[in-house]
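Trainee: For reference, the structure I am asking about is given below.
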Amino acid sequence: MSYRILITDHPAATLEVERSVLEPAGVELVVAENTDPATLSTLAADVDAIATCFAQVTAEVLDNAPRCRTVARFGVGVDNIDLARAGELGIVVTNVPVYCVDEVADHTLMLMLALARHLVPFAADTAAGGWDRNLATNPIRLRDRVFGTVGLGAIGSALIPRVRALGMRPLTLRRPGHTGDVPAVDTLAELLGTADVISLHLPLTEATHHVIGAEELALMKPTALLLNTSRGPLVDTPALTEALTRRRLGGAGLDVTEPEPLPRTHPLRTMDNVVLTPHYAFSSDGSMADLSRAAARNALAVLSGQRPPTVVNPEVLGAPQLRTPELAR
């Protein structure tokens, strides 16, 4: 039996990897030319699965996909998918939680080093023909500084040996069942007040939305650096902008923002204590192939009646409305 899968958008330059997994199994790819809800709703009308990267898979899209059995995310977070509606419709949602751990950890480290060494203003001035050592104050010595991670999953954990190699002292927020050799504190306030660098490694949920706002920024040292390579809405952008403008914070390294992208004239784009990159920390020659392959295999598993390894909404597997009932066995 043949199937059709809607590719709303994809992380790699081509769909070569996805085609190599799906087409031999008789799956036809329907590739969207744009990601507006009306277009996706129309294309979803006769597909058996949806694969998405950044596009919004809304309730409207899902309601117009009566045959859809699964939504496969190219990535870790699923905040662009209406999970509640997918569950109500019996649609299995999958993600790829482990594919770019080293890339994001390295990128986070790069942002910190760029801020600490004032790399961006110095490199820009030198490239323009200058040779001004007084563009910024003295770079920050990282040895013996406290590196605080908010979240100690795969990426947060991968950062620990990296920052220790720089002579930094890692610190994290204690969670239930916390074990290991990373010192922990009991409250976010204590972590924010102690650390010289705060790095965010959390999924975006209602509980984590704006986990760093004006009150939290006020608790941080005026010399502290804030790093975010997770999700933009973890940080209140206006509050961060004000703190940086008033020099109540040492700097920010952001691969993600709210909104994304920032408006072309947004002040964060031109601040000398900010390093911005365009949400590409996950990307490398190896990680993109891993991501494309894993997401395609997740979708194919559901279409084949097999339970994929990373179901985001496992409660749907026991629900009477499950569109692939063989997965409940």
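The values are calculated or read from the model by the stated rules, or taken from the named source; none is laboratory data. Keep in mind that this is a model prediction, so the values were computed, not measured. Using ideal geometry, Cβ is built from the backbone for each residue, glycine included, and neighbour counts are taken over all protein chains shown. Please note that ligands, DNA and RNA were not included when accessible areas were found on the heavy atoms of the full protein model with its side chains. Shrake-Rupley method; radii C 1.70, N 1.55, O 1.52, S 1.80 Å.
Trainee: Has the range 182-189 got at least one residue that is of a type outside the set (S, T, N, Q), closer than 21 Å to Asp236 by Cα, open to solvent by 20 Å² or more (accessible area, probe 1.4 Å) and assigned to a helix (DSSP H, G or I)?
Mentor: Yes, because at least one residue in the range 182-189 is of a type outside the set (S, T, N, Q), closer than 21 Å to Asp236 by Cα, open to solvent by 20 Å² or more (accessible area, probe 1.4 Å) and assigned to a helix (DSSP H, G or I).
Trainee: Still on this structure, I have one more. If you go through the range 58-73 one residue at a time, how many are touching a residue at least 24 places away in the same chain (Cβ under 8 Å) and touching a Ser or Thr at 6+ places or on another chain (Cβ under 7 Å)?
Mentor: 5
Trainee: Please work out which residue is most open to solvent (accessible area, probe 1.4 Å), limiting yourself to the range 152-168 and to residues that are assigned to a loop (DSSP other than H, G, I, E, B) and either modelled with pLDDT of 95 or more or in contact with a Cys (Cβ under 7 Å, 6 or more places away or on another chain) (or both).
Mentor: Within the range 152-168, the match that is most open to solvent (accessible area, probe 1.4 Å) is Leu166.
Trainee: Please find, within the range 24-48, the residue that is most open to solvent (accessible area, probe 1.4 Å) out of those that are among the charged types (D, E, K, R) and within 20 Å of Val302 (Cα to Cα).
Mentor: So in the range 24-48, the residues among the charged types (D, E, K, R) come out as 28, 33, 36, 46, 48.
Keeping just the survivors that are within 20 Å of Val302 (Cα to Cα) gives 28, 46, 48.
On the way: Glu28: 94, Asp46: 67, Asp48: 13 Å².
Only one residue fits best here, namely Glu28.
Trainee: Could you list, in sequence order, all residues of the range 82-102 that are part of a loop (DSSP other than H, G, I, E, B) and surrounded by 16 or more Cβ atoms within 10 Å (Cβ to Cβ)?
Mentor: The answer is Asp82, Gly90, Ile91, Asn95, Val96, Pro97, Tyr99, Cys100.
Trainee: Determine which member of the set Leu43, Leu6 is closer than 25 Å to Ser287 by Cα and in contact with a Leu (Cβ under 6 Å, 6 or more places away or on another chain). Give the derivation first.
Mentor: Working: Leu43 fails: closer than 25 Å to Ser287 by Cα.
The conditions single out Leu6.
Trainee: Has the range 2-10 got any residue that is in a loop (DSSP other than H, G, I, E, B), open to solvent by 30 Å² or more (accessible area, probe 1.4 Å) and among the aromatic types (Phe, Trp, Tyr)?
Mentor: Scanning the range 2-10 turns up no residue that is in a loop (DSSP other than H, G, I, E, B), open to solvent by 30 Å² or more (accessible area, probe 1.4 Å) and among the aromatic types (Phe, Trp, Tyr).
Trainee: Taking the range 255-272 as the region of interest, how many residues are closer than 16 Å to Pro121 by Cα and open to solvent by less than 10 Å² (accessible area, probe 1.4 Å)?
Mentor: Total meeting the criteria: 1.
Trainee: Identify the residue in the range 124-145 that is open to solvent by 50 Å² or more (accessible area, probe 1.4 Å) and part of a helix (DSSP H, G or I) and, among all such residues, is nearest to Ala295 (Cα to Cα).
Mentor: Out of the qualifying residues, it is Ala124.
Trainee: Turning to a different aspect of this structure: What pairs can you find where one residue is in the range 253-271 and in contact (Cβ under 8 Å) with a residue 12 or more places away in the chain and closer than 18 Å to Ser199 by Cβ, the other is surrounded by 15 or more Cβ atoms within 10 Å (Cβ to Cβ) and of a type in the set (Lys, Arg), and their Cβ atoms are less than 9 Å apart, with a gap of 6+ or different chains?
Mentor: Val256/Arg231; Glu258/Arg231
Trainee: List pairs: first in the range 293-309 and within 15 Å of Glu326 (Cα to Cα), second in a helix (DSSP H, G or I) and open to solvent by 20 Å² or more (accessible area, probe 1.4 Å), Cβ under 7 Å, 6+ apart or cross-chain?
Mentor: From residues that are within 15 Å of Glu326 (Cα to Cα), the pairs are Leu300/Val21; Leu300/Ala25; Gly305/Glu326.
Trainee: Would you mind finding the one in Val17, Val21 that is open to solvent by 20 Å² or more (accessible area, probe 1.4 Å), within 23 Å of the chain's Cα centre (by Cα) and closer than 11 Å to Ala296 by Cα?
Mentor: Val17
Trainee: Does Leu171 count as within 10 Å of Gly148 (Cβ to Cβ), outside any loop (DSSP other than H, G, I, E, B) and not small (Gly, Ala, Ser)?
Mentor: Yes; evaluated as a whole, the condition is true for this residue.
Trainee: Checking Arg323 against (1) modelled with pLDDT under 95; (2) among the charged types (D, E, K, R); (3) surrounded by 18 or more Cβ atoms within 10 Å (Cβ to Cβ), which test does it fail?
Mentor: Just one mismatch for Arg323, condition (1).
Trainee: From the set of residues in the range 49-68 that are open to solvent by 70 Å² or more (accessible area, probe 1.4 Å) and assigned to a helix (DSSP H, G or I), which is farthest from Arg231 (Cα to Cα)?
Mentor: Checked the range 49-68; the qualifying residue farthest from Arg231 (Cα to Cα) is Asp63.
Trainee: With the checklist (1) free of Cβ contacts under 8 Å to residues at least 60 places away in the same chain; (2) of a type in the set (Gly, Ala, Ser); (3) out of contact with any Phe, Trp or Tyr (no Cβ under 9 Å at 6 or more places or on another chain) in hand, flag the one item Ala195 doesn't pass.
Mentor: In the conditions (1) free of Cβ contacts under 8 Å to residues at least 60 places away in the same chain; (2) of a type in the set (Gly, Ala, Ser); (3) out of contact with any Phe, Trp or Tyr (no Cβ under 9 Å at 6 or more places or on another chain), Ala195 misses (3) alone.
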